[in-house]
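Asks: The structure under discussion is supplied below as structure tokens; questions concerning it will follow.
Read-outs throughout are calculated quantities, based only on the coordinates presented, and are distinct from any laboratory measurement. Just so it is clear, the structure is predicted and the values come from calculations on it, not from any experiment. Because the Cβ atoms are built from the backbone with ideal geometry, glycine has one as well, and the counts that use them run over all protein chains shown.
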Amino acid sequence: MGYMQIKHFKTYVLLPLPLLRGRLPLLLPLLLLLLLPTGSLARNPDAVGRRGMVVSGNLMASRIGLTILRRGGNAIDAAVATGFALAVTEPRAGNIGGGGFMVIRLADGTTTTIDFRERAPAAAGRDMYLDGNGQIVPELSQDGVLATGVPGSVRGYALAREKYGTLGWNTLIAPAADLAENGYAVGYQLHSDLVEYEDFLKKYEATAAIFYPKSRPLRLNALFKQPDLAATLRRIAADGADEFYEGETAGLIVRQMNASGGLITMADLANYQAVERPAVEFDYRDVHVITMGPPSGGGIALAQILNQLERVDVPDLGYHSAGHVHAMAEAQKRAFADRTAYLGDPDFIKVPVQELISDDYAARRWGDFSELWATPGKDVANGDLAGAYESEYTTHFSVVDRHGNAVSVTTTINGLYGCGVAVAGAGFLLNNEMDDFTIKLANRNMWSLVGGVPNLIEPGKRMLSSMTPTIVTRDDKLMLVTGSPGGGRIITTVAQVISNLVDYEMDIKQAIDAPRIHHQWLPDIIQTERFTLSRETRQQLARMGHVVQERDGIIGAANSIYIDPANNWKHGAFDSRREAGAAGY
Ligand code: GLY
């Protein structure tokens with residue numbers, strides 16, 4: 001019997017042809033029904049909204065963003081409110097003591113970005129984390145306030161609201177302050193972090209006072225109130241961002257610095273400015289990608305990975321076959337080699353952005369790709385040096401409003417709970433972002449990314465980042481808002497989410513949940529999540545010259561929104577790898 005195949009919203013329906021013969025008028029309503037997008041997704045999104053959606057690393061924070069959308073705020077307002085809420089609900093990464101990046105696409109198609117990355121204090125120097133013999137003392141750039149860069153989040157959110165928001169500053173901060181004051185039930189992620197990192201966090205008095213009442217980790221489901229943080233948020237709400245940088249909060253930060261051997265002064269805080277910069281934009285097959293430029297290396301590396309992958313018939317390769325993993329790893333390692341050689345703070349060095357993201361450059365870079373063999377890491381090196389080490393504990397959130405404005409934010413205090421030190425009397429943790437600088441040439445940072453010359457420490461400079469908040473359009477219509485935590489793994493996570501959607505036509509939940517691989521040039525290995533590749537595939541890759549290593553941990557956590565082109569509904573999908581929440585209406 002012959003069959004006719006009809007694609008019914010990502011699933012295929014086979015209809016027996018003899019049955020159709022002569023019965024078409026009768027069967028027409030059935031056929032039309034099959035063409036309707038009835039939600040037969042392979043995996044359901046976590047929330048679907050007709051108007052707006054917020055997906056973040058915490059459900060309470062997403063709901064606060066949603067409340068702002070419902071009250072008539074736009075996506076920028078909701079993003080600012082969600083950012084402040086995460087400082088209360090996700091202390092491992094949400095923050096006012098760190099920094100980040102915001103990518104914006106307004107409903108009229110205008111794109112821009114807000115850079116609120118931390119900066120090195122004026123007293124910082126190239127060798128500040130080396131001992132007398134020129135050897136690195138890793139604790140200095142990771143543990144304690146010498147590791148802290150001048151925080152950028154508060155001025156970043158203020159700039160975004162001033163230029164693109166619609167609601168009052170106080171309105172956007174009040175829900176976070178209320179939550180800090182009234183408290184919330186401790187969730188599993190926070191509780192288990194506090195058990196696991198007890199030795200690290202209890203070292204610091206103000207931190208211990210917040211998270212270890214009676215010297216014990218906050219219990220699961222215990223009511224967690226943060227009165228000092230609530231008071232700080234209320235001061236910022238009442239007096240504006242300048243309060244954080246020049247007022248009482250600034251004074252508390254500097255007092256903490258002086259008490260614990262940090263460098264940040266009142267002048268460093270007062271001089272900090274967030275900066276609006278143009279987005280990095282490029283096409284990948286039939287979609288257009290809008291992402292973050294320097295001082296993030298994320299957007300450029302994302303462009304390089306996808307531009308190289310475009311030279312391969314990806315859909316033709318079996319998903320996670322040796323050929324597929326080989327192509328992804330080869331594209332990734334070339335992009336990461338360039339990250340080390342070329343990328344840093346654009347206010348200090350000239351970054352050849354347009355050249356690096358061009359198709360011509362991708363073609364040249366791909367010139368020595370072999371379908372058969374892995375290219376050794378040393379052969380793809382560009383410039384002086386190789387990769388650096390970065391932390392995984394950033395957080396990402398995505399917002400879309402009813403007008404079609406989209407905001408993608410990735411924010412961090414770098415390591416889990418930053419440098420471990422909370423500001424006494426102010427109730428928030430400080431970052432250890434200085435570790436993202438090149439501490440010593442060719443050294444690996446916390447994320448094993450290799451440090452290059454453009455990212456050497458200089459006073460006032462922003463440290464190179466991998467954060468890659470990203471927005472994707474198709475036919476000029478909003479399609480995807482995404483991003484991830486994960487240090488260098490952020491970039492490869494975002495690349496795989498986009499490729500999964502575009503090349504393999506996965507739905508958003510599949511695209512996010514699919515296991516991931518990661519290659520960052522150095523170390524010259526393909527890392528995979530557990531259960532990603534079969535033994536046969538790993539053996540095939542080994543025969544090609546790859547070293548494949550299953551890691552215990554996860555790769556990324558892409559909290560995303562997909563916009564259904566059929567009806568413009570927003571599909572919120574969080575990454576099951578971490579605590580997160582989607583809220584739409
Ligand atoms: N601290 C991680 C990053 O900025 O990439």
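Asks: Taking DSSP loops as anything outside H, G, I, E and B, show the longest stretch in the chain free of trypsin sites (Lys or Arg not before Pro) there with at most 11 other beta carbons within 10 Å.
Replies: Maximal segment without exposed cleavage sites: 24-349.
Asks: As an exercise, identify the chymotrypsin sites (Phe, Trp or Tyr not before Pro) in the range 524-569 lying in DSSP coil whose Cβ has no more than 13 other Cβ atoms within 10 Å.
Replies: PHE531
Asks: Relative to the longest principal Cα axis of the chain, at what angle does helix 24-35 sit, 0 to 90 degrees, rounded to 10?
Replies: It works out to around 10 degrees.
Asks: Continuing with the same structure: Run the simple label-point estimate for ARG51 and ASP131 please: 7 Å along Cα→C-beta, distance reported in nm.
Replies: Distance between the two pseudo-spin positions: 6.1 nm.
Asks: Below 8 Å between Cα atoms, with a sequence gap of 6+, how large is the relative contact order for the range 460-512 in percent? Walk me through the intermediate numbers first.
Replies: Values: 50 pairs, mean separation 13.8, N = 53.
Normalised by residue count, the contact order of the range 460-512 is 26 percent.
Asks: Then there's this: Is the shape of the range 75-188 rounded, prolate or oblate, going by the alpha carbon gyration tensor and its root eigenvalues a ≥ b ≥ c, with a/c under 1.5 for rounded and a/b larger than b/c for prolate?
Replies: oblate
Asks: So, one more: Between beta-carbons, use under 12 Å as the cut-off and find the net charge around GLY299, counting Lys and Arg +1, Asp and Glu -1.
Replies: Working: positive: ARG277, ARG339; negative: ASP115, GLU281.
Around GLY299, the charge tally is 0.
Asks: In addition: Give the residue from ASN414, GLY367, LEU309 lying farthest towards the positive end of the charge dipole for the chain; charges sit on Cβ (+1 for Lys and Arg, -1 for Asp and Glu) and the dipole is referred to the Cα centre.
Replies: LEU309
Asks: What is the angle, in °, between the Cα long axis of helix 298-309 and the longest principal axis of the Cα atoms in the chain? Nearest 10 is fine, range 0 to 90.
Replies: Approximately 20 degrees, to the nearest ten.
Asks: Right, something else. Return the lysines within reach of LYS333: Cα separation strictly under 25 angstrom, same-chain partners fewer than 8 residues apart disregarded; answer none if there are no such residues.
Replies: LYS350, LYS378, LYS440
Asks: A further question follows. Would you work out the relative contact order for the range 248-366, in percent, from Cα pairs under 8 angstrom that are 6 or more residues apart?
Replies: RCO, the range 248-366: 23 percent.
Asks: Which FRET efficiency, nearest 0.05, do ASP316 and LYS225 yield, Cβ-Cβ r, R0 60 Å?
Replies: 0.60
Asks: Between ARG216 and THR110, what is 0.36 nm times their sequence separation minus the Cα-Cα distance? Round to one decimal in nm.
Replies: 33.2 nm
Asks: So what's the net charge close to GLN273: Lys and Arg +1, Asp and Glu -1, counting the other residues with Cβ under 14 Å from its Cβ?
Replies: Taking every Cβ under 14 Å from that of GLN273, the sum is -2.
Asks: For ASP242 and ALA208, what does the FRET efficiency come to when R0 = 30 Å and r is the distance between their Cβ atoms, rounded to the nearest 0.05?
Replies: Numbers: r = 30 Å, r/R0 = 1.01.
The computed FRET efficiency comes out at 0.50.
Asks: Using a 7 Å offset from the Cα along the Cα-to-Cβ direction at both ASP552 and TYR585, what is the distance between the two label points in nm, to one decimal?
Replies: 4.4 nm
Asks: Then there is this: For every helix of n ≥ 4 consecutive DSSP H residues, a contribution of -39,500 (n - 2.57) applies; sum these over the chain, divide by its total residues, and give [θ] at 222 nm rounded to the nearest 500 deg cm²/dmol.
Replies: The helix-only estimate for the chain comes to -10500 deg cm²/dmol at 222 nm.
Asks: Considering only DSSP states other than H, G, I, E and B, which GluC sites (Glu not before Pro) in the range 296-376 qualify as loop sites with at most 16 other Cβ atoms within 10 Å?
Replies: When the GluC sites (Glu not before Pro) of the range 296-376 are filtered for loop state and at most 16 Cβ neighbours within 10 Å, GLU371 remain.
Asks: Using DSSP to call loops (not H, G, I, E or B), can you name the chymotrypsin sites (Phe, Trp or Tyr not before Pro) in the range 286-357 whose Cβ has at most 14 other Cβ atoms within 10 angstrom?
Replies: Listed in order of number, the matching sites are TYR319.
Asks: Taking the Cβ of each residue in LEU106, LEU59 as the centre, tally the other Cβ atoms inside 10 Å and list the residues starting with the fewest.
Replies: Ranking LEU106, LEU59 by Cβ neighbours within 10 Å, fewest first, gives LEU106, LEU59.
Asks: Quick one: of the DSSP bridges fully inside the range 453-570, what percent are antiparallel, nearest 5?
Replies: About 75 percent, rounded to the nearest 5.
Asks: Something else now. Assign one of three labels to the chain, namely rounded, prolate or oblate, based on the Cα gyration tensor with a ≥ b ≥ c the square roots of its eigenvalues; rounded applies when a/c is under 1.5, prolate when it is not and a/b is larger than b/c, and oblate otherwise.
Replies: It comes out oblate by the Cα gyration axes.
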